[in-house]
Amino acid sequence: MLLSRKKLHGNYNDLIGESTVHLKVLKRIDKFAKSDKVVLISGETGAGKELVARALHAENPYAMHPMVVVNCAGIAEHLIENELFGHERGAFTGADRQHIGLFETASRGTLFLDEIGELPLVLQPKLLRVLQENEIRRVGGTEQIPVSVCVLTATNIDLTEAVEAGRFRRDLYERLKSLHIQLPALRERREDIPALAKHFLAKENNASSRKVADINPEVLSLFDAYSWPGNIRELEGIISRAVLLAEDGEILPHHLPQDVRMLQTDPLPLADATAAANPNAPEYLVLPFPIGTTLKEIEKSAILTTLARENGNQSKTAKSLGIDRRTLHNKLRDYKA
């Protein structure tokens, strides 16, 4: 069946693209938006999970009320239960007044639990109970409080791997996965890159006094060859930077970061590269980056390149790099800044 935006009921103008994989995502959003069940949105960092959550919220029956966003990885483990469910006065030292949690705050609206894979294991059965019973109990309280809320969740990790590793409860995962939207990486929908780039260009022009009219075709060719480890968020950041640098009313290749301008091929190992260039020459070091590149830039390039080659799988990326997953997560969070 030929996919088309004309067959969709909702307005998804903020979700740019006409590729087949993207239209399949829009079709799922259109179907799931009217459901009162929890939706799981998964995809690599920067793939647009919050945009999808906002599209689901805009089309669901709770759209008249705000969407409350909480980053499960951004709240300290000992505070997150209090943030989600609230507490009663006197529940613990310093609790001198009642605190209303995010589930109650979002009642009759949407609660978006971003990075659900980072939710502490001890809290997962409590979340499962809320999803099953539609009621919460504040910390230190005895009363079950009904809540009517549309719950959307998102993750950039493979929850099946997290379940197997004992980091995520299987029963909660089974509850979440019934309505699942898997977002493609940007490299899997390259035909959408020109439209996305021009959308971000127009957005930058509207937000600033600079008026950059166009994107040079050579830039679009470089975009098509690039691996996009940071996905749509990375593309938006690159366009924003290029608009600041552009002086002739057009984004040109030299306005792009160096890693985008580099030829996107898999390099040979150093010894193999040396031998291929001159099989009779003694081995010597061939730097795969320009002289003057900082260690921080080299580290970032290594991490993002490995992440792209592991298709966004952070567990595999961390293993390949010889670092723990929390260190990788913190590095990737820093790169978003």
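The values are calculated or read from the model by the stated rules, or taken from the named source; none is laboratory data. All of these numbers come straight from a predicted model, not from anything done at the bench. As a convention, Cβ positions derive from the backbone with ideal geometry for all residues, glycine included, and neighbour counts pool all protein chains shown.
For the reader, a short list of remarks on this structure follows.
- Positions within segment 30-52 being crowded, with 17+ Cβ neighbours inside 10 Å, assigned to a loop (DSSP other than H, G, I, E, B) and small (Gly, Ala, Ser), in sequence order: Ala33, Gly43, Gly46, Ala47, Gly48
- Filter result (surrounded by fewer than 20 Cβ atoms within 10 Å (Cβ to Cβ) and part of a helix (DSSP H, G or I)) within segment 53-76: Arg54, Ala58, Glu59
- Test result for Arg187, surrounded by 14 or more Cβ atoms within 10 Å (Cβ to Cβ) and in contact with a Phe, Trp or Tyr (Cβ under 7 Å, 6 or more places away or on another chain): yes
- Answer from Leu304, Leu287 - the residue that is at pLDDT below 85, of a type in the set (A, V, I, L, M) and surrounded by 15 or more Cβ atoms within 10 Å (Cβ to Cβ): Leu304
- Residues of segment 184-231 satisfying the condition of being within 24 Å of Leu332 (Cβ to Cβ), in a loop (DSSP other than H, G, I, E, B) and of a type in the set (Gly, Ala, Ser): Ala185, Ser227, Gly230
- Residue under evaluation Arg233, criteria (1) of a type outside the set (A, V, I, L, M); (2) touching an Asp or Glu at 6+ places or on another chain (Cβ under 8 Å); (3) within 24 Å of Ile116 (Cα to Cα), criterion not met: (2)
- Residue in segment 5-17 that is assigned to a helix (DSSP H, G or I), among the hydroxyl-bearing types (Ser, Thr, Tyr) and in the same structural domain as Val149 (by TED's automatic domain parsing) present: no
- Glu77 vs. criteria modelled with pLDDT under 95, in the same structural domain as Glu164 (by TED's automatic domain parsing) and over 27 Å from the mean Cα position of the chain (by Cα): no
- Residues of segment 90-112 classified as over 24 Å from Asp36 (Cβ atoms) and either in contact (Cβ under 8 Å) with a residue 24 or more places away in the chain or not assigned by TED's automatic domain parsing to the domain that holds Gly141 (or both), total: 6
- Selection count where residues are touching a helix residue (DSSP H, G or I) at 6+ places or on another chain (Cβ under 6 Å), more than 25 Å from Gln314 (Cβ to Cβ) and not in a loop (DSSP other than H, G, I, E, B), scope segment 132-183: 2
- For segment 35-71, a residue qualifies if it is under 13 Å from the mean Cα position of the chain (by Cα) and closer than 30 Å to Ala95 by Cβ, and exactly one does: Asn71.
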